[in-house]
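Working notes for the structure below.
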Amino acid sequence: RLFDLDPDLLPLFQYNCKQFASPQECLSAPEFLDHIRKVMLVIDAAVSHLENLSCLEEYLCNLGKKHQAVGVKVESFSTVGESLLYMLEKCLGTAFSPDVREAWSKLYSAVAKAMRRGWDTLPEGD
């Protein structure tokens with residue numbers, strides 16, 4: 001869904017200097033699947049720390065800095081959020097009620113907001 005929403009994101013996923021010719025090629029690459037696992041670990045950490053997301057603030061801010069360094073645009077976080085909600089809706093079916101959608105949307109927004117702070121901070125020494 002991510003590349004359907006924004007095909008311009010495909011070039012950001014380069015592993016060992018290899019440019020993928022198509023979204024399908026990227027989606028089947030072990031490195032991309034590893035990246036998806038890491039994304040889901042961040043989501044899992046956010047769910048696990050739902051009552052105290054501030055404890056993840058520094059980690060998420062640094063993660064944002066890393067994404068900025070490889071050329072990710074802040075606007076891409078909304079595309080990733082849309083993709084996450086789409087996946088949840090497809091997986092949960094009727095259990096993905098408006099309340100569940102709102103809860104996931106709020107959680108993702110909090111994670112993305114913390115990561116966006118990485119764009120606002122300069123590296124030490126600058």
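The values are calculated or read from the model by the stated rules, or taken from the named source; none is laboratory data. A quick note: this is a predicted structure, and the numbers were derived from the prediction, not measured. So basically every Cβ, Gly included, is an ideal-geometry build from the backbone, and we count neighbours across all protein chains shown. Please note that ligands, DNA and RNA were not included when accessible areas were found on the heavy atoms of the full protein model with its side chains. Shrake-Rupley method; radii C 1.70, N 1.55, O 1.52, S 1.80 Å.
Counting Lys +1, Arg +1, Asp -1, Glu -1, what net charge surrounds PHE13 among other residues with beta carbon under 13 Å of its beta carbon?
Taking every Cβ under 13 Å from that of PHE13, the sum is -3.
Calculate one ³J(HN,Hα) per residue across the range 85-93 by plugging θ = phi - 60° into the Karplus curve 6.51 cos²θ - 1.76 cosθ + 1.60, and present them in order as whole Hz with x for glycine and proline.
4, 4, 4, 4, 4, 5, 6, 8, x
Rolling a 1.4 angstrom probe over the protein heavy atoms, how many square angstrom per residue are accessible across the chain? Please report the intermediate quantities before stating the final value.
Values: 8400 Å² over 126 residues.
Dividing the accessible area of the chain by its residue count gives 67 Å².
If you add up the charges near GLY64, with Lys and Arg at +1 and Asp and Glu at -1, over every other residue whose beta carbon is less than 12 angstrom from its beta carbon, what do you get?
Once all neighbours under 12 Å are counted, the net charge is +3.
Indicate the gyration tensor shape class of the chain (rounded, prolate or oblate), computed on the Cα atoms with a ≥ b ≥ c the square roots of the eigenvalues: a/c under 1.5 is rounded; otherwise a/b larger than b/c is prolate and the rest oblate.
Oblate, since a/c reaches 1.5 and b/c is not below a/b.
Which of the GluC sites (Glu not before Pro) found in the range 21-126 are loop residues per DSSP with 15 or fewer other Cβ atoms within 10 Å of their Cβ?
Listed in order of number, the matching sites are GLU75, GLU124.
What does the helix-only formula give at 222 nm for the chain: each DSSP H stretch with n ≥ 4 adding -39500 (n - 2.57), the total divided by the residues, and the result rounded to the nearest 500 deg cm²/dmol?
Theoretical 222 nm ellipticity from helices: -20500 deg cm²/dmol.
Just how many pairs of Lys in the chain have C-alpha atoms closer than 29 Å, counting pairs that are eight or more places apart or on different chains?
So the count works out to 20.
State the percentage of accessible surface on the chain attributable to carbon and sulfur atoms; use a 1.4 Å probe and exclude ligands, DNA and RNA.
Roughly 57 percent, rounded to a whole number.
With an 8 Å Cα cut-off and a minimum separation of 6 or more residues, compute the relative contact order for the chain in percent.
Worked out over the chain, it gives 31 percent.
Restrict the search to the range 50-126; then list the trypsin sites (Lys or Arg not before Pro) that DSSP places in a loop and that have at most 15 other Cβ atoms within 10 Å of their Cβ.
Numbers: sites: LYS65, LYS66, LYS73, LYS90, ARG101, LYS106, LYS113, ARG116, ARG117; in loops: LYS73.
Counting only loop positions with at most 15 other Cβ atoms within 10 Å, the trypsin sites (Lys or Arg not before Pro) in the range 50-126 are LYS73.
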